[in-house]
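K.L.:
Questions regarding the structure given below will be posed in turn.
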Amino acid sequence: MSEVIIVSTKQELISNGYVYGNVGNEFVYEGTTFLLKEHGLRHIPLTPFMGYPNPRIVPKQPVWLITLNDIEMTITNIK
């Protein structure tokens, strides 16, 4: 089930893009609706796990979808 969440700051919008549970939710920021298609991953420092030397998590940006009239735009980097 998707939700519509109103955010008041750009930083709040960006931060919500890194939460796995927010995929499929719509975020409204300053009158524009952003649909989170894929969550992002933050860089996690290397921590050795048993049996897995030097695991790496590659950071990636969240993927957002904005629809204006009949045009869909995919956003991968909000600054």
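K.L.:
Given a Förster distance of 25 Å, report the FRET efficiency between residue 28 and residue 60 from their Cβ-Cβ distance, rounded to the nearest 0.05.
P.N.:
On the way: r = 24 Å, r/R0 = 0.96.
For R0 = 25 Å, the calculated efficiency reads 0.55.
K.L.:
Test of understanding: ordering 68, 36, 41, 13 by Cβ neighbours within 10 Å, fewest first, what list do you get? Each step should come with its number before you reach the end.
P.N.:
Values: 68 9, 36 24, 41 14, 13 21.
Fewest-to-most Cβ neighbours within 10 Å comes out as 68, 41, 13, 36.
K.L.:
Skipping prolines and chain starts, which residues have an amide H placed within reach, meaning under 5 Å, of the one on residue 38, given they are 5 or more residues away or on another chain?
P.N.:
When sequence neighbours closer than 5 places are left aside, the close amide H contacts are 63.
K.L.:
A further question on this structure: Within a Cβ distance under 15 Å of residue 77, other residues only, what is the Lys/Arg minus Asp/Glu net charge? Don't skip to the answer; put the middle values down first.
P.N.:
Values: positive: 10, 37, 42, 60, 79; negative: 38.
Result for the local shell: +4.
K.L.:
Same structure again: What is the sum of charges, Lys and Arg at +1 and Asp and Glu at -1, for the other residues whose Cβ falls under 15 Å from the Cβ of residue 7?
P.N.:
Working: positive: 10; negative: 3, 12, 26, 30.
So the surrounding residues net to -3.
Readers should treat all values here as calculations from the given coordinates under stated rules, not as data from a laboratory. Keep in mind it's a predicted model, so treat the numbers as computed, not measured. We place every Cβ from the backbone using ideal geometry, glycine too, and count neighbours over all the protein chains shown.
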